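Right, one structure below, let's go through it.
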Amino acid sequence: MSDRRLLATLAQRLAPISLAETTEEASLQTRIDKKYLLPLPLLGRVLRDLGPGLRALEIDGLRVFGYESVYFDTPRLQFYRDHVQGRRIRHKVRTRRYVDSDLTMLEVKEKGGRGETVKHRTDWSPSELFRLGSGGRDFVDDLLDGEPDASDLRPSLVSRYCRATFVHAEAGLRLTCDVDLTFESPMTSAAVPAGRVLVETKAAESPSIADRILHRYSQRDVSVSKYCAGIALTHDAPANRWHRVLNRYLRPAPIPVG
């Protein structure tokens, strides 16, 4: 069974929640995020332990959805280097396309000094997935105060994956689970090994109930984001602070592009 089908099977076991309910009950634009890379079979036990209040996002009969994200950075990868250097306040700029609906957003994510993540987003055109354009540059500049200037940003990484989203309204928790994760840069592409799922816990407080359950299964959160992992795997860029995580969980053989 493919990873996507297994994830869909796990999601089908739960009661559904609509997108409108998800937005209303678990709208977490400001939140504490933690990431875990775990064997996909373990996910079923984690979902079970979260109890009957957990529901799976369902849209038009689907519970697993395709995502495509294009990240933008300066030619010197300033956003990436801010992460490498451990700056407390840092940013990501990306366009994101929800593959099944073609809905596309332009997003700016800010990591605050207390570890909280704030996401700003605006509607975007699917045809402009790889471009910011004047409207996008204005949106980014307003949020970043021109540091760096949005006109200096270029596509640096494309990530694609399949995601299921789980919501526990009573606990104020959202859980995203990604499989079939791939990265592509102008030089190489890479993929997370099959059988692994990237789980992100998103809650207003930490540790969340999901974090505590994962800790009971001896799972520890990993500090590397999808963007930083993708850059480290596909660019000749410094990645010493994530060396152990990359080698243990993510380091595949690069695949030349072209």
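The values are calculated or read from the model by the stated rules, or taken from the named source; none is laboratory data. The shown structure was predicted, so the numbers you read here are calculated from the model rather than taken from an experiment. Here the Cβ is made from the backbone with ideal geometry for all residues, glycine too, and neighbour counts use every protein chain on show.
Can A20 be described as closer than 15 Å to R55 by Cα, crowded, with 19+ Cβ neighbours inside 10 Å and modelled with pLDDT under 95?
Values: closer than 15 Å to R55 by Cα: yes; crowded, with 19+ Cβ neighbours inside 10 Å: no; modelled with pLDDT under 95: yes.
Taking the combined requirement at face value, the residue does not satisfy it.
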*Looking only at region 151-184, which residues are charged (D, E, K, R), more than 22 Å from V93 (Cα to Cα) and surrounded by fewer than 18 Cβ atoms within 10 Å (Cβ to Cβ)?*
E170
*Please state which one of L38, L57 is closer than 22 Å to S223 by Cα and touching a residue at least 24 places away in the same chain (Cβ under 8 Å).*
L38
*Can you spot a residue in region 11-22 that is among the aliphatic types (A, V, I, L, M), in contact with a Cys (Cβ under 9 Å, 6 or more places away or on another chain) and closer than 29 Å to P126 by Cβ?*
yes
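Can you find a residue that is under 18 Å from Y80 (Cβ atoms) and assigned to a loop (DSSP other than H, G, I, E, B) anywhere in region 239-253?
We begin by selecting, within region 239-253, every residue under 18 Å from Y80 (Cβ atoms); these are 239-243, 245-246, 250-251.
From what's left, assigned to a loop (DSSP other than H, G, I, E, B): 239, 251.
Looking for residues that are under 18 Å from Y80 (Cβ atoms) and assigned to a loop (DSSP other than H, G, I, E, B), one finds at least one in region 239-253, hence yes.
Can you tell me which residue in region 194-211 is farthest from V167 (Cα to Cα), limited to those that are more than 16 Å from the chain's Cα centre (by Cα) and at pLDDT 90 or above? I'd like the intermediate steps shown before the answer.
Taking region 194-211 first, the residues more than 16 Å from the chain's Cα centre (by Cα) are 194-195, 204-211.
With at pLDDT 90 or above added as a condition, the list becomes 194-195, 207-211.
Values: A194: 25, G195: 23, P207: 16, S208: 13, I209: 12, A210: 11, D211: 14 Å.
Among those that are more than 16 Å from the chain's Cα centre (by Cα) and at pLDDT 90 or above, it is A194.
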*Do any strands (runs of 3 or more DSSP E) entirely within region 46-132 hold 1 or more residues that are closer than 26 Å to E184 by Cα and touching a Phe, Trp or Tyr at 6+ places or on another chain (Cβ under 9 Å), and if so, which?*
65-73, 90-98, 103-111, 116-124
*If you check V64, V46, V93, V108, which single one turns out to be touching a helix residue (DSSP H, G or I) at 6+ places or on another chain (Cβ under 7 Å), buried (at least 20 other Cβ atoms within 10 Å of the Cβ) and without any contact (Cβ under 8 Å) to a residue 60 or more places away in the chain?*
V108
_Of everything in region 223-241, what is under 13 Å from the mean Cα position of the chain (by Cα) and either free of Cβ contacts under 8 Å to residues at least 40 places away in the same chain or over 17 Å from T165 (Cβ atoms) (or both)? Give them in sequence order._
S223, V224, S225, Y227, C228, A229, G230
